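Single-structure report; data block below.
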Amino acid sequence: MADWKNLLKKVFLADGVIDTAETAILKKEILADGVVDKEEVNFLVDLRNASKKTTPAFNSFFFSALKSHLLEDGVIDAAEVKALRKILFADGVIDDAEKRFMKDLKKSAKSVAPAFDKLLADCLK
């Protein structure tokens, strides 16, 4: 049986860019059941890290899906902070979209682990 994640990754990244049409397909499928699970987040993170360039549409969907997953219970715990740090610092640079995401996440969460505030400070440096 084919590894569907690997196949999709190759198709979506054939030109190195996750474009608006590809983002629409991802969004439709990932949101089909109304829940963004860990496997789907990991797939989106893998796509984002492997792409040469992403579009604003992909970035918007990526951060929306990540937020939905992280705030499913309203709380960002220490394990989620650790995973989030790895995701955001994957390329060694925190861009403006990532900074906005972190600020929004802080406002939207019912509570956060103490490590989240350290991560937020590191992102805003």
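Every number in this text was worked out from the coordinates using simple rules, so none of it is lab data. Remember, predicted model here, so these are calculated numbers, not experimental data. Cβ sites come from the backbone with ideal geometry, for glycine too, and all protein chains shown count toward neighbours.
Which percent of the Cα-Cα distances in the chain go past 22 Å? Provide the component values of the computation, followed by the final result.
Values: 2713 of 7750 pairs.
Percentage above 22 Å: 35.
Take every Cα pair under 8 Å whose residues are at least 6 apart in sequence, average their separation, divide by the length of region 4-123, and the relative contact order is 26 percent. Candidates PHE62, ASN49, LEU124 compared by Cα position along the dipole of the chain: farthest toward the positive end lies LEU124, with charges placed on Cβ.
Given R₀ = 22 Å, FRET efficiency for ASN49-LYS110 by Cβ-Cβ distance, to 0.05?
Efficiency, rounded to the nearest 0.05: 0.15.
Straightening the chain between ALA97 and ALA79 buys 4.2 nm, computed as 0.36 nm per residue apart minus the Cα-Cα spacing. Between ALA21 and VAL35, the contour length at 0.36 nm per residue exceeds the alpha carbon distance by 2.9 nm. The amide H of VAL112, built 1.01 Å from its N in the peptide plane, has ILE76 as neighbours under 5 Å, considering only residues 5 or more places off or on other chains.
Basic side chains Lys and Arg get +1 at the Cβ, acidic Asp and Glu get -1 at the Cβ, and with that the dipole of region 4-123 about its Cα centre reaches some 240 debye. Taking the average, over residues, of other Cβ atoms within 10 Å as the packing measure, peptides 5-17, 74-86 rank 74-86, 5-17 from highest down.
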